[in-house]
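K.L.:
Have a look at this one.
Computed from the coordinates by the stated procedures, all read-outs in this text should not be read as laboratory data. This is a predicted model, so every value here is computed, not measured. All Cβ positions, even for glycine, are placed from backbone atoms using ideal geometry, and neighbour counts span all protein chains on display.
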């Protein structure tokens, strides 16, 4: 794409209420048959039609680009434990992007960049994905655990093993000179 083929600026009416340090990286119009809307990627997260707030990059569990549609699965907080959050898949949201431009690339790059550590580990009766994410404006990493379907999440042995696994992962990712 040459210098003179740049995408037009985001129309003011479609501009989300950006924070002072936030800037638009890419955007695309949505064609969902229910009226107009835009998906806006900023340095801090993703603005989706119908949401009055930004979904931070660290809160995107999955983002899939089909070549026409962007499907975003947000994290839903289930519980707060000592040093980490338990999250689950929120309802997936799919958007048909009429002229995607750089948006799918920015979403992939930003979600990927937010992940500092990830490992899928067995726990009693199931398994869990342990992840550490970078959150803009927050020092250090934010730790989350997403249990596989069918894992007995409220079981004491599962909680104890999860605490142990998160502790070991934190120790392995903390620089020795801190």
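K.L.:
For helix 156-173, what angle does its Cα long axis make with the longest principal axis of the chain, in degrees from 0 to 90 and rounded to 10?
P.N.:
Helix 156-173 sits at roughly 70 degrees to that axis.
K.L.:
Relative to the longest principal axis of the chain, what angle (0 to 90°, nearest 10) does the C-alpha long axis of helix 103-114 take?
P.N.:
30 degrees
K.L.:
So how far apart, in nm, are the two label points at residue 173 and residue 118 if each is 7 Å from Cα heading toward Cβ?
P.N.:
Taking the simple label geometry, residue 173 and residue 118 are separated by 1.1 nm.
K.L.:
Could you point to the label whose value was computed as Cα extents along the principal axes in Å for the structure here, given (i) 57, 41, 27; (ii) 43, 40, 34; (iii) 55, 36, 32?
P.N.:
Correct label, based on the coordinates given: (i).
K.L.:
Which order results if 57, 143 are arranged by neighbouring Cβ count within 10 Å, fewest first?
P.N.:
143, 57
K.L.:
For a quick check, take a GNM of the chain with Cα springs below 10 Å and name the residue from 48, 85, 18 with the largest mean-square fluctuation.
P.N.:
18
K.L.:
Using a Gaussian network for the chain with springs between C-alpha atoms less than 10 Å apart, which of these wobbles most: 123, 24, 138?
P.N.:
138
K.L.:
If each of residue 139 and residue 85 carries a label point 7 Å out from its Cα toward its Cβ, how far apart are those two points in nm?
P.N.:
With each label point 7 Å from Cα toward Cβ, the separation is 2.0 nm.
K.L.:
Using the count of nearby Cβ atoms within 10 Å as a rough guide to exposure, how do 62, 9 rank from fewest to most?
P.N.:
Ranked by crowding around the Cβ, least crowded first: 9, 62.
K.L.:
Just want the ordering: 117, 84, from fewest to most Cβ atoms lying within 10 Å of their own Cβ.
P.N.:
Ascending number of Cβ neighbours within 10 Å: 117, 84.
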